Amino acid sequence: MKIGIIGVGSLTLELASRAAQAGYEVIINNPRGNNPVREVIEKMESNVQLGSLENAASAEIILFFVPKDDLKTVIKNLPDMTGKIIIQAGSLIFNPQYTDNTPTHKNTTLMLAGAHVVKLFNPIKLEINSSYPQHRNIEKIFFTSDHAHSSHHTKIFLKKLNFLPINLSTESKLKNMRISLKLGSNPVISKTIESVPKFNIIPATDLNLINSIKIYP
């Protein structure tokens with residue numbers, strides 16, 4: 001299976017190394033030019049190579065790390081990406097409960113409307129380690145995706161890279177369901193919510209509102 005990487009950063013290089021160790025063929029394209037990263041890529045596994053934007057985009061799964069200033073130009077030069085799984089890398093995460101979309105992710109999703117864009121969050125501590133996977137602890141890595149097919153394949157891919165992948169979209173839905181059950185069984189909270197005319201239901205995506213409600217036994 002071929003993995004394409006468009007854009008070079010600490011996370012995409014780490015993912016490239018892990019993917020190569022797991023047996024994937026990895027094609028990397030740096031939209032700002034391959035020469036600045038050629039020396040780094042040549043020191044990696046033999047199944048990691050530099051390639052054109054078209055070659056990287058032809059892979060089954062594409063890791064995407066492009067600054068917002070280059071986003072429009074890069075996407076304009078891509079072939080048809082309909083149905084492709086595009087894992088957008090690079091967003092830091094400090095609290096898994098708060099996953100508001102960044103402008104770059106929103107723009108990527110809009111400009112690649114036919115593709116399935118998965119948002120991948122960069123673990124805080126991440127170091128390239130040549131001893132993978134024998135001497136590396138499994139690390140949690142978070143992503144968001146509401147598309148079942150892309151979520152499934154993203155999770156399988158990340159597991160093969162020795163990560164413990166967690167879909168925050170699923171976690172958020174489960175949390176909201178648990179909170180809804182608690183609210184429904186608590187007459188004090190239910191009465192309070194009913195007395196506020198502008199809230200008929202609590203939106204599933206409004207984590208700030210949900211987290212502000214204190215539920216008393």
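Side notes on the structure shown:
- Scanning region 124-160 for residues being open to solvent by less than 20 Å² (accessible area, probe 1.4 Å), modelled with pLDDT of 85 or more and within 12 Å of Leu15 (Cα to Cα) gives a total of 3.
- Where strands (runs of 3 or more DSSP E) sit wholly within region 1-72, those with at least 3 residues that are crowded, with 22+ Cβ neighbours inside 10 Å occupy 2-6, 25-29, 61-64.
- Test: residue in region 98-105 that is outside any loop (DSSP other than H, G, I, E, B), in contact with a Phe, Trp or Tyr (Cβ under 9 Å, 6 or more places away or on another chain) and either modelled with pLDDT of 85 or more or surrounded by 19 or more Cβ atoms within 10 Å (Cβ to Cβ) (or both): no
The values are calculated or read from the model by the stated rules, or taken from the named source; none is laboratory data. Note that this is a predicted model, so its numbers are computed, not measured. Cβ atoms come from the backbone with ideal geometry, glycine included; neighbour counts cover every protein chain shown. Note: accessible area is taken over every heavy atom of the protein model, side chains too, but ligands, DNA and RNA are not part of it. Shrake-Rupley method; radii C 1.70, N 1.55, O 1.52, S 1.80 Å.
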